[in-house]
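The values are calculated or read from the model by the stated rules, or taken from the named source; none is laboratory data. Not measured: the values here are computed from a predicted model. Every residue, glycine as well, gets a Cβ built from its backbone with ideal geometry; the counts of neighbours run over all protein chains shown.
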Amino acid sequence: MVYRLCYSYLGSAADAEDAAQGVFMKLLDHPRGFEDEGHEKAWLIVCAANLCKDELKSARRKRTESFGERMEMVTGEADHLDETVDAVLRLPAKYKDCVYMYYYEGYKTAEIARMLGIPASTVRNRLRDARGLLKAALGGA
């Protein structure tokens with residue numbers, strides 16, 4: 001799950017592996033107790049998203065970003081991703097966060113709002129806007 005999220009942000013298997021490792025290193029360096037599995041999963045998702053956002057903003061990445069590596073499926077398949085996944089990966093981060101947590105991880109809008117520190121109505125609006133962007137990108141009526 002952490003790798004998949006990092007990959008959706010960074011678009012590179014090597015960068016996603018580094019970021020996922022960074023998330024778990026942070027957990028090992030600063031152990032914490034979790035209320036339950038859901039709390040642990042939420043922490044991992046938010047931590048991974050924040051780490052990837054920081055990486056995308058870094059000056060090093062802007063200088064060395066590679067366009068040559070094609071995205072591969074999290075399952076390890078090197079086939080082309082379908083159009084829909086490609087369109088989701090091109091969404092701005094604020095929409096991608098909500099879409100990923102809602103559709104791929106199955107969180108409810110209230111849970112996503114709590115994790116991201118935003119109102120639930122904002123999450124619902126972002127999901128609506130993301131669906132509109134995806135519809136336009138995929139040529140929907």
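Selection of segment 1-16 for residues being in a helix (DSSP H, G or I) and either within 19 Å of Val85 (Cβ to Cβ) or under 11 Å from the mean Cα position of the chain (by Cα) (or both) yields Val2, Tyr3, Arg4, Leu5, Cys6, Tyr7, Ser8, Tyr9, Leu10, Ala13, Asp15, Ala16.
Residue count for segment 5-49 under the criterion of being at pLDDT below 90 and basic (Lys, Arg): the result is 1. Applying the criterion of being in a loop (DSSP other than H, G, I, E, B) and either among the small types (Gly, Ala, Ser) or more than 14 Å from the chain's Cα centre (by Cα) (or both) to the residues of segment 74-101, the residue that is modelled with the highest pLDDT is Asp82.
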